[in-house]
Every structure is written in structure tokens, then in C-alpha cells.
Amino acid sequence: MPFVENAGLMLGMLSLNQIGLILVGILGFIVAFGLAVFVHELGHFLAAKAFGVPVERFVIGFDKEAIGWMPRCIVEWRWGETTYGISLVPLGGYVKMQGTIHPDIERYLDGPPEEKDTVPASSARIDGPPRPDSGASLSGQALEDMAALYKKPFWQKIIIYGAGVVMNMILAMLAITALYTRGTNESAPFDAEVSWVAPTSRWADAPIQKGDKVVAVDGTKVANADELLMALSASWTRADEGSSHTLTLSRTGTDRFDLAITMPSLSQDNGFREDFRSVFFHMPAYIEAVIINDAADKAGIKGGDTIVSVDGVPMASWYQFREIVRASPRKELAFGVVRGEDQVVVKVTPSVSPDPEDKGAGLIGVVPGNSNRQLIQEPFGEALARSPERTWNFAVAYVQNLKRLGGNLAGGNVGMVRRELGGPVAIAQVAYRQAQKGFNDWLKFLIMLNVALAVMNILPLPVLDGGHICFAIYEAIFRRPVPPRFLVPLLNGAFIFLMVFFVLVTFNDVLKIFL
């Protein structure tokens, strides 16, 4: 058995510490994903129970009962009226409630073809005789109908369908509370200091040099880049007209001089604000995070690295580093990297940006940050009180990413979509690595995973929670369910679309690993 022998040889070459890290990574993914799915389905389950809707099945993963060609649950047990199960197919989970399907749809599905398009929506009766094959008494079926989900008031349906999303957001808030109660290292504000001026910058001929610090704006003292932005905040966001300011800079701590600037309106910006940041924000080439399976990740660049040179040229600024990378698509570069106490050389070949606006610029897939860290630690009560706002900020950032992805998709920019889209394999890789870094990093992944599940499930798409909420709103407005002849093809089409999408993103994940 050569495979077993090779696997055993590979394990034998790993230290106990390495094996432990592997196990921690695997466990971190399983727990994070399983917990997120569990609390989502638990939300539906508890809301259904609260309103008297019987729950027939509560399953983590998908099984044969949900999709006919799936395998059966590996573990299954019954407690009360509900069967609980765990499936090996980690595509999510489901709660099967009694009466989810309206009788109109059942008749549409069960009736002869020639009658399917003639069944009026108003023909549904909850007090009619039981179906011949049901074996139920008249009173028994009446009680079942009263408890069925489709009979519940509009507001109860909204709560039941939306409870999963709420539970994911609550779990994200609890994780954020734990993160800030434990204490987390975050980037400190950048220094308002000149570190590098590009030869093409509009400030190239200004009387400034490396090391000059902005100490005041229009006479108001500033200590860092955040305060500099605050002093310019009104002008920074003004879209109708430009404005003039006086920056006071210090050189060697004592010499001071003024620099007049005129900020254009947003409509006439022409890169002014980006150029301003590149000059007056002292941003070392510090890597906050790497994009999974992108050029930097494959070359061995890690979050926390600082790039101090490229091909022997010292890097004074993130913007200087970025310009070199952008000008070097498909050209191997030797990065001098400071990693903790060590300095190593990592060779990276930037890929070509698929974004037409970048005109073939080089990309390596890294996120900038600040090596100057500050510990943020709060009492439990304060962290809990601020958790809704922080969770909301995570959600807003995720929605913005979705909008950008949707814009690229609508514009036919398939290359950017492929680069930015991450599926189940990429999610598993991120969870694996974050768990290995430590508990705080795992908490950050748990937060993003729950926010992502909440946002995706609330989208108004059929078969998702948001779609069911839309159907409930339709029923409340028109006093009848969506006509089966429209609803059934819509649900089937949505299900097929999601399955095809799942296969494509999984294939894309695997492709990015090897190509």
C-alpha cells in the first residue's frame, strides 16, 4: 500500500509541533463552520418552536431527506417530534418545519398535469377532509393545519425566516466582544510624515523632503495622519468646489515652514487625494494580510512581513513598493523581508491584473497595514455595548465587497471575479490558517464567517431566507401565496443555479491553488 506508506513517511518527518498545528487548523475550520451553521439553523428552530410550528428535522449538512441524491446522515437520532442529524456533506444545514409548503403547491405537484394550471390559489382549505393516504383523523389534520407554518401570521413568518440571520449576527457580536475583552492588536495611526515622493507626483518640485512632518493644518495642531485627515475632513469630502489650506511642516524637529495646498473638488480630483496620501502618510511596506492563493501567498509572503527592499532597492514607503510591483508584471522580484527577528529574501512574480482599468499592472495580492501596533482592550460591558456597531461595520464592508464583485460581473470582467471570488475551499484554507495563528485570529475569522452567512442569507433570492421573506411579503399584500406555476420553476431554477455556482466556485478555488 504505497499511499499509506508515503503518508506515514510524511507524518514521520513532521515534528509534534507541526502535527499539532495541522490538527489545530483542521479543528479550527470544523468548529468555526459547524458553529456558524448550527446557530443559524438553531435560530429557525427556536423561532418555529416559539410560535408552535412543529419541526420535523434539524440537520447540520445536507442529506438524502433534503436532496435525493445526497447520502444519508452519518448520525441521526429522534427526540420528541424532531429528528436530529449530522451529514458528511458540509454545504450548510436545514430545518424542516411542518407546513412549509402551501397546499396549493402540494396540489400543483401532486395533481394530474392537465389540472396543474387550472388550480386557483383560493381553493386551499385547511378544514377539508384528510388526504386518503394520510391515515389522519379530521381533528388531527385540523390541529396540524393550525400549527403549520403557512398558516402563521405574516409577522411570525418574518421572524421565523429571519431568525437564522439574527443568530449569526448575535454570534458575530459575541465573538467581537470576546476579541476586545481579551485584547487585540490593531494598527496605530500612520505618522503624518513625508517618506517618499514619486518622480511623477505633483509634489515632486515642492520644497519637501523625506522626514518632514506635518505638525499643523491652518494653525490647528495634528499629531498623526488620522488627525491630518480630520483637519481636512470638510475639504476631503466636498464635491462642489475646491479649498485652500496651509500645512505647517517641521524639519529636524525645530525648523518649521508652511506649504500652501489647494484641494480640487471631487469631480476634478485626478488622483489628488491618492497622491496626497502617498506623500504625507508615512506607510512602510508592511503586509497586513495576503490574499489566499495569490502570487504573494504562493511565494511565501505572510501577514506581518515588512518589505524593506526590492531587488536591492530600499523601500521607504508602501506606495514606492506598490509602484515597483505594478510596473513588473510577470517579472520575478526579490523581496527583502523582515519577519519578526529574521530577515529573509522571498522571490515573487507579480501576476497581471485582470482589471482593464489597471492596464496590465502587476499584482501580488497583499493588503497594506501598519507595523506600529496598539493593544485595544476593553471591559466586558464596554466591548459588548460596542459590538453591534462593530458588527455592522463588518457587514457594511462585506456588502461593499459584494457590490464591487457584482459590478465586475455586470461589466463582464470575469478575470476580476475569478480573482476576488472565494468558495468553500478558500474558506477552509483561511479558517485553517487563522486557527493556527492563534485564538484571536480564529475569532476574527468566526466574525467574518457569520457576517458573510447573515448577509448572503438575507439576499432576496429564492431558496434563501431573504427569498422566503419576500414570498411572505407577497402573501401579506395579495392575500394569497405566489402562484405555484411561477413559484415551483422559480425555486427549482434557483436551486440549480446555486448548485452550479457552488461547483464553479469550488473548481475556481482548486484552479487557483495549482495555477
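The values are calculated or read from the model by the stated rules, or taken from the named source; none is laboratory data. All figures in this text were calculated on a predicted structure; none of them were measured in a lab. Heads up, the Cβs are rebuilt from the backbone with ideal geometry, glycines too, and the neighbour counts pull from every protein chain shown.
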Which one is farthest from Lys210 (Cα to Cα), of the residues in the stretch 323-348 that are buried (at least 16 other Cβ atoms within 10 Å of the Cβ) and free of Cβ contacts under 8 Å to residues at least 24 places away in the same chain? Leu333
Matching residues, the stretch 264-316, being over 30 Å from Asn508 (Cβ atoms) and of a type in the set (Ser, Thr, Tyr): Ser265, Ser267, Ser278, Thr306, Ser309
Considering only the stretch 349-367, I want to know if a residue exists there that is within 24 Å of the chain's Cα centre (by Cα), more than 16 Å from Gly415 (Cα to Cα) and surrounded by 19 or more Cβ atoms within 10 Å (Cβ to Cβ). yes
Condition met for Lys221 (more than 13 Å from Phe276 (Cβ to Cβ), of a type in the set (Lys, Arg) and without any contact (Cβ under 8 Å) to a residue 40 or more places away in the chain): yes
Going through Ser278, Ser265 one at a time, which residue ends up being under 27 Å from Pro314 (Cα atoms) and out of contact with any strand residue (DSSP E or B) (no Cβ under 7 Å at 6 or more places or on another chain)? Ser278
I need the full set of residues from the stretch 97-109 which are outside any loop (DSSP other than H, G, I, E, B) and surrounded by fewer than 17 Cβ atoms within 10 Å (Cβ to Cβ), in order please. Glu106, Arg107, Leu109
Of the listed residues (Leu143, Leu91, Leu138), the one being outside the structural domain of Thr506 (by TED's automatic domain parsing), modelled with pLDDT under 75 and of a type in the set (A, V, I, L, M) is Leu91
Within the stretch 408-423, which residues are in a helix (DSSP H, G or I) and within 23 Å of Ile364 (Cβ to Cβ)? Asn408, Val414, Gly415, Met416, Val417, Arg418, Arg419, Glu420
Name the residue, out of Ala426, Ala472, Ala454, Ala397, that is among the hydrophobic types (A, V, I, L, M, F, W, C), touching a Phe, Trp or Tyr at 6+ places or on another chain (Cβ under 7 Å) and either in contact (Cβ under 8 Å) with a residue 24 or more places away in the chain or in a helix (DSSP H, G or I) (or both). Ala472
The stretch 257-275, subset surrounded by 14 or more Cβ atoms within 10 Å (Cβ to Cβ) and free of Cβ contacts under 8 Å to residues at least 60 places away in the same chain, residue farthest from the chain's Cα centre (by Cα): Leu259
Considering each of Leu21, Leu27 in turn, give the residue that is closer than 30 Å to Gly438 by Cβ, at pLDDT below 90 and assigned by TED's automatic domain parsing to the domain that holds Pro153. Leu21
By residue number, the members of the stretch 488-503 that are touching a residue at least 40 places away in the same chain (Cβ under 8 Å) and more than 23 Å from Arg107 (Cα to Cα) are Phe502
Would you mind stating whether Arg485 is charged (D, E, K, R), assigned by TED's automatic domain parsing to the domain that holds Gly28, over 30 Å from Phe29 (Cα atoms) and touching a residue at least 12 places away in the same chain (Cβ under 8 Å)? yes
Within the stretch 281-321, can you find the residues that are in a helix (DSSP H, G or I), touching a residue at least 24 places away in the same chain (Cβ under 8 Å) and in contact with a helix residue (DSSP H, G or I) (Cβ under 9 Å, 6 or more places away or on another chain)? Trp318, Tyr319, Gln320
Within 27 Å of Thr200 (Cβ to Cβ), of a type in the set (Phe, Trp, Tyr) and surrounded by 15 or more Cβ atoms within 10 Å (Cβ to Cβ): is that true of Phe280 in this structure? yes
Out of the residues in the stretch 67-94 that are part of a loop (DSSP other than H, G, I, E, B) and among the β-branched types (Val, Ile, Thr), state the one that is surrounded by the most Cβ atoms within 10 Å (Cβ to Cβ). Val89
